[in-house]
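Each remark here refers to the structure printed beneath this line.
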Amino acid sequence: MNILVRHPVVAGALAFVASASILVLANDVWLMRLTELLIWILFAASLNFLISFSGMVSFGHAAYFGLGCYGFALSAKAGVPIIVAVMIGPLVATFAAAIYGALCVRLNKIYFAMLTLACAEITYSVIHQWYDLTGGDTGLTQFAPPSLDLGARGFALLVLACCAGGLLVIRLVLNAPLGLVIRSVGENPGRAAALGFSQRQVQWVAFVIAGSLAGVAGTLYSAFQGNAFPDYAGMRFSLAPLVMVILGGLGSFFGPVIGAIVEKGLTGVLSHYVVFWELIMGVVVITVTVYSPHGFWGLIKRVINKGAPRG
Amino acid sequence: MLFVQIVNGLMEGVMLFMVASGLTLIFGVSRIVNFAHGSFFMLGAFLTYQFAPHILPGTMLGFVLTVIMAGMLTAFVGACFEVIVLRRIYHAEELLQLIVTVGMVMIMRDVVRVVWGMNDLATAIPDAMSGAVNVDSYWFPIYNLGVMGIGLLVVVVLWAVVRFTRVGVLLRAATDDRGMVALLGINQAYIFTGVFASGSLLAGIAGGLAAPLGSINFLLDTTVITGAFLVVVIGGLGSLSGAFAAALAIGVLKAVGVLYFPRAAMVTAFVIMAIVLIVRSFKARG
Amino acid sequence: MADFILSAEGISKKYGAFSALTNVSLKLKSGEIRAVIGPNGAGKSTLTNVLGGQILPTAGTVVLDGRIVTGLAPHRRAGLGIGRTFQINSTFRHMTVRENMLAACVAAAGTGYSLFSSKLRVLDSRVAELVDEVGLSNISESIVEAISHGDRKRLELGMVLATGPRLLLLDEPTAGMGLNERQDLFKLIVDVVKKRGLTLMFVEHDIDIVFNLAERITVMARGSVLAEGNPDEISADPHVQEIYLGESVAAKGATC
Amino acid sequence: MKYRMYVATVAIGLSLVTGASFAADPILIGYVGDLSGACGPYNDGNLKATRIAVDEINASGGLLGRKVELKVRDSKTNPEEATKQARESIVVDKADILTGPCTSSVLLADAAVAQEHKKLLWNSIGTTHRANIDFGNRYVYQSVANSLMEGRALAEYAATQKSWKRIATIGLDYEWPRQTIEMFKQHLKELRPDVQFVNSVWPKLGESNFGSYIPVLLNDKPDVVFGVMFGSASSNFIRQGKTYGMFERTKVFTYASTYLLKALGNDIPEGVYGWTRSPFYGIKSPAMDSFVAKFKEAHKDFPDDESIAGYDSMMQMAGAIKLAKSLDPAKLVDALAAQEYVGLRGKVSVRKLDINAYAPTFIGVTKKTPAYSFPILTDLVRIDGERVMPSEVEVARMRALAK
């Protein structure tokens, strides 16, 4: 077990193969649930890259997710070939992240968070108000064939590939000089600047990477749901991945994976059986945050390390 | 018409400040972005609904007592939340503190649904304060003017407390530098609890005052919190005077905006917030 | 002209009504070892931050190698050869010693935006060398949070050296360390400065160390320069004796 | 002999057992409704009534010899949850038919899922026409008047009010008010060219303070203020309007559902012009009386419009299933259009072109009556769907535009 914690690549590869086999074997219901889960994992991981490694807490990550949705949905509706439309979604998100990011990284900490929030709310409002283009609150539906004509299983495998690809990109970046620099700036911007790194430039690059991955997640979500609504760029979609990141555990690569599984699993099960599921979720969120600041991944790691002492 | 809208805007602005003041106070001292502030507002409104029929109903005095009681109980709930939960994570990252307050939002919403249900509830404006003042052909509701008066009173009281009392000195010290309080030989925990309770008190009172104006339901929390954030951020996090100015500005801008840009209400406030932050970023270094 | 690697003219810094620095001038000759001393609140750290670019002065100019750098951001100055440490230890605490050094070497190599981890591997030997030079090779895989304060100070010095600076600005490089540790670290500092022919400016409270090591000393008090000269001149200066050395006992103990 | 007796007994026993229960799997209705969130109160009344209808259907032998079962899921008044729950309802619960959406976004999200899985969805709360008219979705039955019909019906009524010459409008800035106000304006201008529209204001969705909107509305001295909003926004508008003397200074014409009247109680002044979709107090029939009695007995409350519509449409759907002898959406649509259905709202027929019910709109004036603890709409005018349904040409044009 210890090897899995110490060599995330091995763990990741195993997880990928396992997930692929599960998807191949899963029935329709689980296929649906897992597809959604995988998209959320990618979305949460992109936010985690910002928070845990780049030291930037965004309250408005939904902007790029939502723009991914609309970029895809609008271009598909306009008759662009699907294969191109799925590229346009992330591109729109990346473009927006580049612009918003350039403004946001000028600020630190809570002010950064608040500006990301403002950017997301502006995006949401524009989507909500621009009826002629976006359909306003009625959103967009029926712009692309269900599951992109790949069938539920094919689409699930595509999502898995994108999710794994996204995680791999994050991993590669983190292992490259760029990742080292991003982590440095995230940990101690003053020191990093004294070494010669431009805090803003580095943060901007990280912001754009996170934004484009969120855009990929958004595009997939839109294709999966078969719709696009302004909500997807709204506050709820900014908070949800934040809760996942915290539940999973700050500062870890696999945290968001666990966090998304826990959050989606819990709300899914709870809201099915209990009327007041939000109350229970609230208690869970508070308990985990207070008693296990490193989240569920921290707990798992502790258990594994206890079971197989190092060496 | 412009003048009328400015007055209406000011009335709304003072109300906004009532909500935002607690939020900015809490942030200033304990650096907590309290998402649950709207939930405390909502609690204050529901408690006012609950007490109003039992405390001298219809009278001014009864209403004031009701709102104060609602505020105090809200403050108590806030203090409990601070002591039981928040206190354990002051040393942790700001993000964790924020998430805890998000958890609180979820809990409070369901608690309210359990106790009061999902339907819209209402409490009446006290008879003494119903009616309106007519100027020209324009009407200004007495209740709204009254709330503006109470709001201004709160502003003065807050200002006096911060400016002249020992508590105020501590608050200012703590807002400038969290470590300072410890140096002053005061138990930091008391200050944080006190501030959180006061912030919740303000939220509860604001909720109580807003209760007769509209329907009271479990969605009030989200309705309120966005506006409060806008005010606090535009006013400069932690600054009471800034929040006051920002609240009035937003209120007036919204009211005047209805005249000239009837469809832009939603986006304007956030655009202002973004501009304020961006301008700030250019002045930040040095 | 050219022998001044750094010169600051008429530097003032105001925070509202409070003046942290008032009309401070300071010139560093290439290759000299300069100490800046003064009681608490004299403006030593503020001055260092103005020179390093962490703080913008209200008035005055900073010239590096004949080029005006007053408004230049810290990372740009680092690129021009200023390396610095901070009063409060400033490293990447959740990364290992080796990673810290690696980050510094990446900065020096200018490959910060590269996506190829091979760019990191070519730096391995240089990282090992530097870690060894500051005496940390036995703990190179430890997380910085877990190592001792003195080791962190050494690491910080190593990281600054990695960026290949010509001028070192060290703000209390031994603050909070024991006496023996201090002397060891200063010996190391002087060794590397001499070996590499660097210019050194450091802020220090330990008078013995200052008078032993510095070639010139700048004495500051209440935001301005009180005196400047070689150790003998300074120890003979009656103003310094009166205002500074009289307080030195109190100042010695304090680290903040 | 003994053997024969034995067989006979078993046979009788078996027939008794099967006769009392149902022959095959139940017909499963997936109720995917906004039980929590902003639509909660509306779906609550709707669900209660739907349950009553299902019980009645089962008590009278079920449908096609099968029992009818309701499986409820909460779509939380948000479209992503609606999409997910609608899918799970079909895939996991094996729902045969869907119902329950409330807001436009949830309805449209559900409609897309229904189309994807080829199941019929019927809607008895929401009013958007986008799914069945604009997108030509053949899997959505709209059982209440859509916003186009409603806007026109309101214009028909307004046209008869000769004193209404200057009209100011207020609508929350989203689909339903936009469409309704647009249609109202357009149609009223055709009917009454002399009517003048003065100020119009658009508070954002979720607005709770109308203090800065009401004075602007009143500024141009309109004869009537036409307000399109729902739920807490409506009650806030009316409460705050009172403090601004709105009801003394002008007439107000606004959405006044039974839920709102109950929630506002005596806080809503008399003399407010209001419209609603299926008021229990406004339709006198034995069927209505018995339903209201049943509802009151079960829930100690009068049914909302959403309850009436929920019960009515469930019964209409039951009739269609019987007629079609199938659950196939296309056959059900044929049956809905073919069926002569008379329910709580009287006769409601269905147009096959866009699967739209010719549903009525009721317009009246608020008044306190001894019968109820809250004011009701009196002097009710019923405007039937037939009068205001968009023509086939219009439908074709809208469909072309949506492409």
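Taking A:GLY66, is it part of a helix (DSSP H, G or I) and buried (at least 24 other Cβ atoms within 10 Å of the Cβ)? So A:GLY66 passes the test. Against the test of being surrounded by 23 or more Cβ atoms within 10 Å (Cβ to Cβ) and within 14 Å of another protein chain (Cβ to nearest Cβ), the options C:LYS13, C:LYS44 yield a single qualifying residue, C:LYS13.
The set of residues from the range A:109-127 being crowded, with 24+ Cβ neighbours inside 10 Å and at the interface with chain B (Cβ under 7 Å from one of its Cβ atoms) comprises A:MET114, A:LEU115, A:ALA118, A:CYS119, A:GLU121.
Among the helices (runs of 4 or more DSSP H) confined to the range D:1-113, the ones with at least 1 residues that are more than 10 Å from every other protein chain (Cβ to nearest Cβ) and either within 16 Å of the chain's Cα centre (by Cα) or at pLDDT below 90 (or both) are located at D:2-20, D:40-59. Please tell me if A:ALA164 is within 8 Å of another protein chain (Cβ to nearest Cβ) and either at pLDDT below 95 or in contact with a helix residue (DSSP H, G or I) (Cβ under 7 Å, 6 or more places away or on another chain) (or both). Here the answer is no, as A:ALA164 does not meet what is asked. Checking the stated criteria, C:LYS27 turns out to be in contact with a Phe, Trp or Tyr (Cβ under 6 Å, 6 or more places away or on another chain) and under 26 Å from C:ILE234 (Cα atoms). Take the residues in the range D:118-134 that are touching a strand residue (DSSP E or B) at 6+ places or on another chain (Cβ under 9 Å) and closer than 15 Å to D:SER391 by Cα; name whichever of them is nearest to the other protein chains (Cβ to nearest Cβ). The selected residue is D:HIS129. Quick one: which residue in A:VAL105, A:VAL29, A:VAL86 is over 21 Å from A:LEU160 (Cα atoms), of a type outside the set (Gly, Ala, Ser) and in contact with a helix residue (DSSP H, G or I) (Cβ under 6 Å, 6 or more places away or on another chain)? On inspection, the qualifying residue turns out to be A:VAL105. Only helices (runs of 4 or more DSSP H) whose full extent lies in the range D:222-307 are considered here, and the ones with at least 2 residues that are within 28 Å of D:ASN123 (Cα to Cα) and within 14 Å of another protein chain (Cβ to nearest Cβ) are D:231-243, D:258-264.
When D:TYR174 is tested against (1) more than 9 Å from chain A (Cβ to nearest Cβ); (2) closer than 30 Å to A:PRO145 by Cβ, exactly one condition is not met: (1). Could you list, in sequence order, all residues of the range A:96-108 that are away from chain B (no Cβ under 14 Å) and either more than 19 Å from the chain's Cα centre (by Cα) or surrounded by fewer than 24 Cβ atoms within 10 Å (Cβ to Cβ) (or both)? Within the range A:96-108, just A:ALA98 meets the criteria.
Condition check for D:ALA335 on (1) loosely packed, with under 15 Cβ neighbours inside 10 Å; (2) part of a helix (DSSP H, G or I): one failure, at (1). Kindly establish whether A:ALA93 is surrounded by 20 or more Cβ atoms within 10 Å (Cβ to Cβ), more than 7 Å from every other protein chain (Cβ to nearest Cβ) and in a helix (DSSP H, G or I). Against the criterion (surrounded by 20 or more Cβ atoms within 10 Å (Cβ to Cβ), more than 7 Å from every other protein chain (Cβ to nearest Cβ) and in a helix (DSSP H, G or I)), A:ALA93 qualifies.
A quick yes/no check of all residues on (1) within 9 Å of chain D (Cβ to nearest Cβ); (2) closer than 21 Å to A:GLY135 by Cβ; (3) touching a Cys at 6+ places or on another chain (Cβ under 9 Å); (4) surrounded by fewer than 24 Cβ atoms within 10 Å (Cβ to Cβ):
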{"residue": "A:VAL216", "(1), (2), (3), (4)": "no, no, yes, no"}
{"residue": "A:ASN227", "(1), (2), (3), (4)": "yes, yes, yes, no"}
{"residue": "A:MET235", "(1), (2), (3), (4)": "no, yes, no, yes"}
{"residue": "A:VAL243", "(1), (2), (3), (4)": "no, no, no, no"}
{"residue": "A:GLY248", "(1), (2), (3), (4)": "no, no, no, no"}
{"residue": "A:ILE261", "(1), (2), (3), (4)": "no, no, no, yes"}
{"residue": "A:LEU270", "(1), (2), (3), (4)": "no, no, no, yes"}
{"residue": "A:VAL274", "(1), (2), (3), (4)": "no, no, no, yes"}
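Within the option set B:ALA36, B:ALA45, B:ALA70, being within 13 Å of chain A (Cβ to nearest Cβ), in contact (Cβ under 8 Å) with a residue 40 or more places away in the chain and under 23 Å from B:ALA243 (Cβ atoms) holds for one residue only, B:ALA36.
Hey, any hits in the range D:343-352 for a residue that's touching a Phe, Trp or Tyr at 6+ places or on another chain (Cβ under 8 Å), surrounded by fewer than 16 Cβ atoms within 10 Å (Cβ to Cβ), in contact (Cβ under 8 Å) with a residue 60 or more places away in the chain and at negative phi? No - not one qualifying residue is present in the range D:343-352. Selection of the range A:282-291 for residues being in contact (Cβ under 8 Å) with a residue 40 or more places away in the chain and more than 8 Å from chain B (Cβ to nearest Cβ) yields only A:VAL288.
Taken together, the criteria exclude C:LEU155 from residues that are within 20 Å of C:SER90 (Cβ to Cβ) and touching a strand residue (DSSP E or B) at 6+ places or on another chain (Cβ under 8 Å).
The sole residue among A:SER147, A:SER222 that is at pLDDT 95 or above, more than 9 Å from chain C (Cβ to nearest Cβ) and under 23 Å from the mean Cα position of the chain (by Cα) is A:SER222.
Within the range D:135-171, which residues are within 14 Å of chain A (Cβ to nearest Cβ) and surrounded by fewer than 24 Cβ atoms within 10 Å (Cβ to Cβ)? Passing the criteria: D:PHE135, D:GLY136, D:ASN137, D:ARG138, D:GLY171. Within the range B:105-144, the residues that satisfy the criterion of being within 14 Å of chain A (Cβ to nearest Cβ), in contact (Cβ under 8 Å) with a residue 40 or more places away in the chain and not charged (D, E, K, R) are B:VAL105, B:MET108, B:VAL112, B:VAL115, B:TRP116, B:MET118. With respect to A:SER58, determine if the residue is among the hydroxyl-bearing types (Ser, Thr, Tyr) and either within 14 Å of chain D (Cβ to nearest Cβ) or surrounded by fewer than 21 Cβ atoms within 10 Å (Cβ to Cβ) (or both). No, not satisfied.
For the range D:185-198, the condition of being more than 24 Å from the chain's Cα centre (by Cα), assigned to a strand (DSSP E or B) and more than 19 Å from D:TYR255 (Cβ to Cβ) holds for at least one residue. Just one of the numbered conditions (1) assigned to a helix (DSSP H, G or I); (2) surrounded by fewer than 23 Cβ atoms within 10 Å (Cβ to Cβ) is not true of A:VAL80: (1). Contact map, the range B:272-283: residues that are more than 7 Å from chain A (Cβ to nearest Cβ) paired with residues that are part of a helix (DSSP H, G or I) and of a type outside the set (Gly, Ala, Ser), Cβ distance under 6 Å, separation 6+ or inter-chain. Pairs shown: B:VAL276/B:ILE234.
The values are calculated or read from the model by the stated rules, or taken from the named source; none is laboratory data. The structure presented is a predicted model; accordingly, all values stated were derived computationally and were not measured. Here the Cβ is made from the backbone with ideal geometry for all residues, glycine too, and neighbour counts use every protein chain on show.
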